[in-house]
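Notes to accompany the following structure.
All of the numbers you see were taken from the coordinates with simple rules; none came from a lab. Only a predicted model underlies this, so the values are computations on that prediction, with no experimental measurement involved. Ideal geometry is used to build each Cβ from the backbone, glycine not excepted, and the neighbour counts take in all protein chains shown.
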Amino acid sequence: MDFITPNSLYLCIDQGGHASRAIVFNQRGEMVCSAYSEVKTEHPAKNFVELNASDVIDSINASINQALQQLGDKKKHIVYAGLATQRSNVVCWNKKTGEALSPVISWQDRRNTEWLQQFNEHNESIHKKTGLFLSPHYGASKLRWCLDNIPQVKEALNNNTLVFGPMASFITFNLVKEKFLLADPVNASRTQLWSLRTHSWDEELLELFGIPLSALPHCVPSVHHYGTIELDDLNIPLRLVTGDQSAAMYAYGHLQPDTAYVNTGTGAFVSRSSGPLALYSRRLLTSLIFRDSELHNQSQNHFVLEGTVNGAGSALDWLGEQYPDTNIYSNLSDWLEEVETPPLFLNGVSGLASPFWQPDFVSEFSSEANVKEKAVAVIESIVFLLKACLDEMCKLSSPPEQIQITGGLASAKGLNQRLADLSGLPVYCPTECEATARGTAYLLAEQPANWPEQGAGDWFEPEDNQGLQTRYDNWMNTMLDNMRSR
């Protein structure tokens with residue numbers, strides 16, 4: 001773009017499970033300022049995980065305003081804004097007023113598991129169309145639940161004022177002055193209603209799940225004119241909308257084919273790039289992480305094989321609820337050094353995802369233990385699940401040569417070292433682990449060749465750890481026995 005200069009700034013909005021962040025980067029990939037505003041995740045019933053939709057919008061606006069105050073006069077150099085969100089969150093709203101008609105239903109939510117089981121025979125065709133396995137974590141069953149259980153949603157559908165779909169679309173509608181009804185491909189693909197082949201809503205899936213096309217936003221590429229954010233005397237084009245895990249992979253520039261990318265937060269995700277080719281695994285997801293706008297009469301798509309661990313930060317939160325007087329996060333690094341033989345933890349927090357796919361799996365420890373031993377067991381279960389996903393990836397491609405880990409749990413050196421030891425691969429943890437906003441900035445800046453690569457950070461070289469390997473073997477056997485007995 002002609003108006004991009006060395007002084008150009010990029011406003012990156014990262015809406016996560018616990019907070020909304022507004023982080024500004026310059027053209028050289030340097031963070032200029034950062035602000036955040038907390039948002040509360042609620043659990044009103046078993047398997048229900050929600051956020052108040054108005055609170056999400058308020059937290060985003062609060063973080064943006066804080067960032068602009070920090071910038072002062074430099075805010076005039078913001079040329080683009082980008083938004084990255086949790087991918088499978090959905091919400092219903094009024095397309096005339098923007099008023100939410102439902103809470104934001106989190107990707108962790110499994111309220112409609114039983115209803116979804118009637119479609120088990122379609123699992124293979126759903127996987128082929130969407131890259132996903134039939135699961136209550138994705139949007140289709142949640143949207144159907146809203147239609148069946150929320151009177152104002154039913155009324156809005158009858159009045160032709162209903163729109164629902166990815167949370168990112170709801171946020172976009174409420175941020176921009178034009179009030180466009182648009183869905184980016186990354187978040188749309190997590191509804192289990194979007195076709196990887198046609199890049200639009202799939203009519204057969206809509207009919208299967210009983211989802212009206214008239215209530216869904218229009219599908220566009222990741223890079224698109226989503227509207228204009230009016231702030232103070234600024235008019236900032238919202239030029240990119242994507243998913244948090246997808247953006248995180250681009251934090252340090254173009255993707256390396258020899259690297260497995262792990263990002264940790266509420267969940268943990270491991271991805272391996274397959275470029276423009278969509279590879280399919282029997283136990284892993286095929287995920288679109290970026291779809292460019294039309295450039296030189298070609299659309300640019302980027303796919304990954306993805307393994308998902310639902311119980312990462314959420315599993316530590318689950319444990320913390322059982323020990324409310326103990327700050328698990330502040331003690332975690334020391335406990336990972338102190339505890340040598342933790343129990344095994346069968347981790348089904350928020351549902352067991354790849355490579356096992358059991359949404360109602362019951363979490364349990366293999367033996368009695370104190371809180372610090374349980375916390376270490378939770379961390380090791382995350383490492384074990386990541387290892388199982390990496391092994392599945394290697395069935396379709398050559399093994400990676402290294403792992404890059406980012407996100408909140410990447411600050412736990414004991415996790416990183418265990419991942420290196422068990423995988424047999426060096427693990428790199430950048431100094432700046434908040435990868436989602438940095439990756440968003442890279443895409444906003446049109447993927448410049450001079451974007452800073454890994455640079456400073458910590459490398460964890462694999463070491464011989466027979467105790468960990470034995471626990472992993474026992475954990476895997478216990479998991480498989482548990483699955484066979486179900």
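Across the stretch 6-14, rounded Karplus estimates of 3J(HN,Hα) from the backbone phi angles (6.51 cos²θ - 1.76 cosθ + 1.60, θ = phi - 60°) give x, 8, 4, 10, 10, 8, 10, 9, 10 Hz, Gly and Pro being marked x. For the stretch 1-100, what ratio Rg/Rh do Cα atoms give with a Kirkwood hydrodynamic radius? Here the Rg-to-Rh quotient is 1.06.
Whole angstrom only: what separates the Cα centroid of the stretch 257-326 from the Cα centroid of the stretch 21-53? If we compute the Cα centre of each part, the gap is 18 Å.
Under the criterion of Cα pairs below 8 Å and six or more residues apart, the relative contact order for the chain equals 14 percent.
Hey, can you list the DSSP H helices of the chain whose Cα span along the axis is 20 Å or longer and whose average Kyte-Doolittle score is at least -1.0? Helix filter hits for the chain: 53-71, 371-393. Between SER88, ALA183, LEU396, the Cα set farthest toward the positive side of the dipole of the chain (charges on each charged residue's Cβ, about the Cα centre) is that of ALA183.
Hey, with R₀ at 51 Å, roughly what FRET efficiency would ASP258 and GLU155 work out to, going by the Cβ-Cβ distance, to 0.05? It comes out at approximately 0.40. Would you mind checking the stretch 366-392 for residues with the amide N under 20 Å from a putative spin-label position 7 Å along Cα→C-beta of GLN469? Zone members listed by number: 380-392. Of all beta bridges that DSSP places with both ends in the chain, some 70 percent have antiparallel geometry. For the stretch 213-254, what log10 I(q)/I(0) values come out of the Debye formula at q = 0.32 1/Å, with one point per alpha carbon and no solvent? Treating every Cα as an identical point scatterer, log10 I(q)/I(0) equals -1.04. Rg over Rh for the stretch 9-244 works out to 0.98, using Cα positions for both radii and the Kirkwood form for Rh.
Considering all C-alpha pairs of the chain, those separated by over 37 Å amount to 23%.
Each residue in PHE173, PHE119, PHE269 was given a count of other beta-carbon atoms within 10 angstrom of its own, and listing them fewest first yields PHE119, PHE173, PHE269.
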